[in-house]
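Asker: Could you have a look at this structure, given as structure tokens, before my questions?
The values are calculated or read from the model by the stated rules, or taken from the named source; none is laboratory data. Note that this is a predicted model, so its numbers are computed, not measured. Positions of Cβ are generated from backbone atoms using ideal geometry, with glycine treated the same way; all protein chains shown enter the neighbour counts. Calculation scope for accessible area: heavy atoms of the full protein, side chains included, ligands and nucleic acids excluded. Shrake-Rupley method; radii C 1.70, N 1.55, O 1.52, S 1.80 Å.
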Amino acid sequence: MHITQFPMSLANGQNWSLTAYGQAWPLLWELARIMELEQYAGTAWQKYGHIITTVSQRMLTPGRHCWLVQQCLCPSCETVSVFPPPSTRSLSGSSAPSPLMPVNGDLLQGASSAFKEADRRLVLVPLTRAPDNPSEPAVDPWLAARLDLPQDGWSRINLGALRFWTHARVRDVICEIVWVPCSSFDALLGTGMILAPIYEQAVEGGGLPLHAGLVELNGRAYLLAGPAETGKTTCCTSIPSPWRCLCDDEALLVRDVRGRWTAHPFPTWSHIRNGRSDSTWNVQAHFPLGGVFFLKQSSQDRARPLGQGDASMRIFGSAKQVLRRSEQKGDPRETRQQRLKLFDNACRLAVEVPIYELCASLGGSFWEEMERCHEGALSSTGN
């Protein structure tokens with residue numbers, strides 16, 4: 001039985017293992033491609049020998065196709081299999097490739113250590129039949145024993161084709177995936193709900209997911225926030241060098257290990273949902289946050305600071321737009337607690353980071369106003 005995994009690290013020091021069990025691996029492979037996790041995985045594996053170096057080289061070929069590393073965790077088996085990119089994505093397993101080569105037990109030991117040392121694992125499990133017990137995850141007994149899963153005390157949230165299971169004594173989040181054909185992968189991933197546990201833990205740690213574009217200047221990140229149709233994508237794609245656009249729709253804010261607000265770019269899920277899945281986003285990239293700009297269409301370019309009360313409410317509203325996807329079918333009591341925590345985090349951000357309203361004109365030079373604010377913030381801090 002095979003387990004496929006990709007590590008994912010955030011600036012706050014949280015290390016996730018995105019893990020697929022059995023036939024769920026093509027979905028994880030596609031998610032890892034979208035979020036550019038293959039680069040991190042390649043680096044992590046290189047020290048174990050020439051076979052894995054070959055994998056890393058293949059993962060960086062044009063088109064960003066990555067080879068797949070699978071470790072067999074059966075006690076009697078000491079192989080890690082290396083697979084080429086599948087020609088057809090399917091949870092049915094009908095097109096699963098054959099292993100190219102086995103490697104020795106030293107690599108298995110290293111892979112097993114990485115699997116165990118993640119802070120949390122998001123385990124994707126294909127659900128191909130009605131569960132025997134609707135009060136616990138429908139996990140294969142072999143995997144349940146490997147993960148040391150209890151038989152009762154589970155909480156479940158249904159989000160469309162995804163069913164998330166959590167337990168007070170278990171660090172892992174089990175995500176059951178209702179059987180879907182390969183043609184539905186874009187629609188399933190395009191909701192963004194598959195990362196709901198990562199967002200939830202970020203919020204618990206003081207972070208915020210925001211409906212915003214993310215741009216960078218001289219090593220500092222700035223958010224361009226606002227509801228749909230306010231010009232986030234237009235501004236992000238038109239901003240000139242030396243500015244750099246990292247994403248145009250969604251970002252995750254966390255506090256790094258030094259307590260600073262730090263921004264990660266996240267995918268534009270609507271692009272994936274609409275079949276524009278050639279785009280990728282390096283979600284592990286992060287920069288210290290210099291400020292947040294709430295966009296407003298105008299006839300002239302102008303930025304003005306927002307008061308803390310106004311800023312708090314705007315930040316809270318932007319975060320709710322992201323988390324609303326996972327609140328639709330959750331427990332109302334948990335939703336209320338999450339929103340209280342979300343509002344507290346929004347207030348802290350409004351106190352600690354400059355927040356502005358940015359009036360941007362069509363065809364104007366709004367970035368000059370952003371640069372003025374950037375230089376003013378650097379002057380005030382002495383950096």
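Asker: Using the Cβ atoms and a cut-off under 15 Å, what net charge is assigned to the surroundings of PHE287, where Lys and Arg are +1 and Asp and Glu are -1?
Answerer: Numbers: positive: ARG220, ARG244, ARG255, ARG258, ARG260; negative: GLU216, ASP256.
For residues surrounding PHE287, the net value is +3.
Asker: Further question: Considering only protein heavy atoms and a 1.4 Å probe, what is the carbon-and-sulfur percentage of the accessible area of the range 219-369? Mind dumping the intermediate values first?
Answerer: Values: 3360 of 7080 Å².
Solvent-exposed carbon and sulfur of the range 219-369 make up 47 percent of the total.
Asker: For the range 163-254, what does the alpha-carbon gyration tensor say about shape, rounded, prolate or oblate, given a ≥ b ≥ c as the root eigenvalues, a/c under 1.5 as rounded, and a/b over b/c as prolate? Show your work: numbers first, answer last.
Answerer: Values: a/c = 2.93, a/b = 1.63, b/c = 1.80.
Oblate is the answer for the range 163-254, as a/c is 1.5 or above yet b/c matches or exceeds a/b.
Asker: If you average 1/r over every pair of different alpha-carbon atoms in the range 220-267 and take one over that average, what Kirkwood value in Å do you get? It would help to have the intermediate numbers written out before the result.
Answerer: Values: mean 1/r = 0.0848 Å⁻¹.
Value: 11.8 Å, from the Cα pair sum.
Asker: If you average the sequence gap of Cα pairs under 8 Å that are 6 or more apart and divide by the length of the range 235-291, what percent do you get for the contact order? The partial results should precede the final answer.
Answerer: Details: 70 pairs, mean separation 16.9, N = 57.
Reported relative contact order: 30 percent.
Asker: Considering only protein heavy atoms, what per residue accessible area in square angstrom results for the range 185-302 with a 1.4 angstrom probe? If you can, show how the numbers build up before the last one.
Answerer: On the way: 4280 Å² over 118 residues.
Normalised by residue count, the accessible surface of the range 185-302 is 36 Å².
Asker: Is the range 199-333 rounded, prolate or oblate when judged by the Cα gyration tensor, a ≥ b ≥ c being the square roots of its eigenvalues, rounded requiring a/c under 1.5 and prolate requiring a/b larger than b/c? Before the final figure, lay out each step's value.
Answerer: Numbers: a/c = 1.25, a/b = 1.16, b/c = 1.08.
It comes out rounded by the Cα gyration axes.
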